[in-house]
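Structure, as structure tokens:
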Amino acid sequence: VQLQASGGDLVQAGGSLRLSCAASGSISSNNAMHWYRQAPGKQRELVAAMSSGGITNYADSVKGRFTISRDNAKNAVWLQMNSLKPEDTGVYYCYYRDWSSTYDTWGQGTLVTVSS
């Protein structure tokens, strides 16, 4: 499976961005797509995740502001980010986990910079 993330940009605080991740290859019917982020000098952290069955999970810091969605037929996942804050700045990574096996993979990351 290959992941291609896009949509990162420079935005002012309070603004919005929509990140996209396109998956290609042998996509399992039982999987989860995730968005992680890594701020400078910090560890990578989970932002949001969504299973192929539609179950979602969000970090407390983004609840109510970010929305993850996906289209299983298109093998795509999006992250709608509203009310952005400077602390949302970081490289955002798309991550795929196959629940039918131990396979997982990361996308290349897309940079989000929120200016105050």
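Some values worked out for this structure:
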| read-out | value |
| --- | --- |
| All positions within the stretch 20-40 that are open to solvent by 20 Å² or more (accessible area, probe 1.4 Å) and either within 19 Å of residue 59 (Cα to Cα) or among the basic types (Lys, Arg) (or both) | 20, 34, 36, 38, 39, 40 |
| Boolean, residue 11 is out of contact with any Cys (no Cβ under 6 Å at 6 or more places or on another chain), closer than 13 Å to residue 114 by Cβ and part of a strand (DSSP E or B) | yes |
| Tally, over the stretch 15-60, of residues that are within 15 Å of residue 87 (Cβ to Cβ), among the polar types (S, T, N, Q) and free of Cβ contacts under 8 Å to residues at least 12 places away in the same chain | 1 |
| Qualifying residue in the stretch 41-50 (condition: under 21 Å from residue 113 (Cβ atoms), within 11 Å of the chain's Cα centre (by Cα) and either acidic (Asp, Glu) or not in a strand (DSSP E or B) (or both)) | yes |
| Listing of strands (runs of 3 or more DSSP E) fully contained in the stretch 66-116 that carry 1 or more residues being buried (at least 18 other Cβ atoms within 10 Å of the Cβ) | 66-71, 76-81, 90-98, 110-115 |
| Complete set of residues in the stretch 27-40 that are within 17 Å of residue 77 (Cα to Cα), not hydroxyl-bearing (Ser, Thr, Tyr) and not in a strand (DSSP E or B) | 27, 30 |
| Residue 55, sole failed condition from (1) open to solvent by 40 Å² or more (accessible area, probe 1.4 Å); (2) within 24 Å of residue 15 (Cβ to Cβ) | (2) |
| Criterion violated by residue 12 - all others in (1) of a type outside the set (A, V, I, L, M, F, W, C); (2) more than 17 Å from residue 89 (Cβ to Cβ); (3) at pLDDT 95 or above; (4) loosely packed, with under 14 Cβ neighbours inside 10 Å satisfied | (2) |
| Yes/no for residue 61 being out of contact with any Leu (no Cβ under 9 Å at 6 or more places or on another chain) and open to solvent by less than 40 Å² (accessible area, probe 1.4 Å) | no |
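The values are calculated or read from the model by the stated rules, or taken from the named source; none is laboratory data. Since the structure is predicted, the reported quantities are computational estimates derived from the model, not experimental observations. With ideal geometry, Cβ positions are generated from the backbone for all residues, glycine too; neighbour counts draw on all protein chains shown. Ligands, DNA and RNA are stripped out before the accessible areas are found, and what is left, the full protein with its side chains, is counted by its heavy atoms. Shrake-Rupley method; radii C 1.70, N 1.55, O 1.52, S 1.80 Å.
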